[in-house]
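Each remark here refers to the structure printed beneath this line.
The values are calculated or read from the model by the stated rules, or taken from the named source; none is laboratory data. Because the structure is predicted, anything quoted here is derived from the model rather than measured. Cβ placement follows ideal geometry from the backbone for every residue including glycine, while neighbour counts extend to all protein chains displayed. Side chains included, ligands, DNA and RNA excluded: accessible areas come from the protein's heavy atoms. Shrake-Rupley method; radii C 1.70, N 1.55, O 1.52, S 1.80 Å.
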Amino acid sequence: MLSEPELEVARAILIHGPSSRGELSQRLKLSPASLTRLSKPLLDAGIVRESDLILDGSVGRPIRLLDIRQEARFFVGIKITGKMAQGVLTDLRANSLVSGARELPAREVGDVLDALVDLIGDLCSRAGRQVSGVGISIGGQISGGVLVERAPFLDWRNVPLGDLLGQRTGLPVLVENDVTALVAAEQWFGVGREVADFAVVTIGAGVGYGLAMHRQVVRGRDTGLGLGGHFPLDPNGPLCLEGHRGCSTAMLTIPSICAQISTALQRDVGYGEAFELADAGNKVAHSVLQASAHALGRFLAAAANLTMVNVVVLGGEGIELFNRYEQSVRTALAADRDPEASEVRISVLSGEFDQWASGAAAVAIQKYAFG
């Protein structure tokens, strides 16, 4: 077992990448002798390795960098929706090595467990790897990394998913809210390596919002309730299913955007076709998407204004709205900011659904990487 100081050294190398002993000593406020003593067990265990000698430009003498052996351990991350489980097998830095998916035949707990066990086995077999832990992300409220208190997309309440899946697989399992998992992934492997405070906003089937402050993921009793989902954005906008006019759900989600265009054109219109229609000059599609882009800018401004963060990570399967209407989003964001406020940096995630599964793997890495 590694000691807590040894774990702190390993985590610093994992998060910040190849580092000299001098850099690590400064970052962790350790003497060179202490750093050497704490890094030796990591080298002996094969968790950390030394690079070949390289020239240090600052002092003019050769040094060896310390880095994590990314292939030392592997993890599975799975994102569960109401219809499918999307999974990845990753290395220690949450880089996806293989991916896969399973449709859920039903929402019953037993059916979902069967699909998860099958998916985990398939990922491990295809990668030819044994894994050190499993992360599961799901939309809803999670307690203690084990209990799904509420998962609306599955109609679940009080399901001990972590314990049940752990019993079936014999692996450590950590369950987390899906947006919180993305925040955790960004904290260790994304913008969190550079900044202490940032927000994460996701748009797609719903609207997600998460926060990291002082290098800590913000978690609370109401995490997973989707409290950002009905933030008012447009007093003249459409109604959501809860009857809120112009809220974030009504303005930003894929189902609402498609429903507005489909109703106006009196036929079903998918998300991809909505952009094709707008590009072809369809005024209805363009108007709806333009209003949504303006609302997205206002939502990002609210996230920055109310939490005083200057970095917002934007992701989700609806990210095409930002990609196509970026200028409209940025204009609306700037309009809702004080003229003297710092510029908000927007970091855009891939629209690939694997991103959610990699976030699930990241929380497992944070918990079980060196256990």
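Please indicate, with yes or no, whether at least one residue in region 101-119 is farther than 20 Å from Val179 by Cα, open to solvent by 40 Å² or more (accessible area, probe 1.4 Å), of a type outside the set (Lys, Arg) and assigned to a loop (DSSP other than H, G, I, E, B).
The answer is yes, given that some residue of region 101-119 is farther than 20 Å from Val179 by Cα, open to solvent by 40 Å² or more (accessible area, probe 1.4 Å), of a type outside the set (Lys, Arg) and assigned to a loop (DSSP other than H, G, I, E, B).
For region 151-176: of the residues being of a type in the set (D, E, K, R) and within 22 Å of Leu225 (Cα to Cα), which is surrounded by the fewest Cβ atoms within 10 Å (Cβ to Cβ)?
This residue is Asp155.
Quick one: Asn323 ticks every box in (1) over 23 Å from Val195 (Cα atoms); (2) in contact with a strand residue (DSSP E or B) (Cβ under 8 Å, 6 or more places away or on another chain); (3) surrounded by 15 or more Cβ atoms within 10 Å (Cβ to Cβ) except a single one, so which number is it?
(3)
For the structure I just gave you, tell me whether Leu97 is modelled with pLDDT of 90 or more, open to solvent by 30 Å² or more (accessible area, probe 1.4 Å) and within 30 Å of Asp111 (Cα to Cα).
Criteria met by Leu97.
Taking region 206-227 as the search range and keeping residues that are among the small types (Gly, Ala, Ser) and modelled with pLDDT of 90 or more, which one is farthest from the chain's Cα centre (by Cα)?
Gly206
Just need a number here: residues in region 101-124 that are at pLDDT 95 or above and either among the hydrophobic types (A, V, I, L, M, F, W, C) or at positive phi (or both).
Of the residues in that region, 12 qualify.
Could you name every one of the helices (runs of 4 or more DSSP H) located completely within region 313-371 that has at least 2 residues being out of contact with any Pro (no Cβ under 8 Å at 6 or more places or on another chain) and of a type in the set (Gly, Ala, Ser)?
Ranges flagged: 326-335, 354-368.
Restricting attention to region 232-268, and to residues there that are open to solvent by 20 Å² or more (accessible area, probe 1.4 Å) and within 21 Å of the chain's Cα centre (by Cα), which single residue is farthest from Gly318 (Cα to Cα)?
Here the residue is Thr249.
Restrict the check to region 20-32 and report whether at least one residue is under 30 Å from Gly128 (Cβ atoms) and either open to solvent by 30 Å² or more (accessible area, probe 1.4 Å) or at pLDDT below 90 (or both).
no
Please determine, by comparing only the residues of region 185-204 that are surrounded by 24 or more Cβ atoms within 10 Å (Cβ to Cβ) and in contact with an Asp or Glu (Cβ under 9 Å, 6 or more places away or on another chain), which one is farthest from Ser350 (Cα to Cα).
The selected residue is Phe198.
Mind checking whether some residue in region 51-59 is among the acidic types (Asp, Glu), open to solvent by 60 Å² or more (accessible area, probe 1.4 Å), touching a residue at least 12 places away in the same chain (Cβ under 8 Å) and in a loop (DSSP other than H, G, I, E, B)?
yes
Restricting to region 60-94, give me the number of residues that are closer than 30 Å to Arg21 by Cβ and either in contact with a strand residue (DSSP E or B) (Cβ under 7 Å, 6 or more places away or on another chain) or touching a residue at least 60 places away in the same chain (Cβ under 8 Å) (or both).
16
List every residue pair whose Cβ atoms lie under 9 Å apart, where the two residues are 6 or more positions apart in sequence or sit on different chains, the first residue falls within region 263-292 and is closer than 21 Å to Leu239 by Cα, and the second residue, located anywhere, is of a type in the set (D, E, K, R) and open to solvent by 80 Å² or more (accessible area, probe 1.4 Å).
Ala285/Glu276; Ala285/Asp279; His286/Asp279; Leu289/Arg324
Do the conditions hold for Leu14, that is, is it hydrophobic (A, V, I, L, M, F, W, C), surrounded by 12 or more Cβ atoms within 10 Å (Cβ to Cβ), assigned to a loop (DSSP other than H, G, I, E, B) and in contact (Cβ under 8 Å) with a residue 40 or more places away in the chain?
no
Can you tell which of Gly46, Gly82 is touching a Phe, Trp or Tyr at 6+ places or on another chain (Cβ under 7 Å), in a loop (DSSP other than H, G, I, E, B), over 25 Å from Gln187 (Cβ atoms) and open to solvent by less than 40 Å² (accessible area, probe 1.4 Å)?
Gly82
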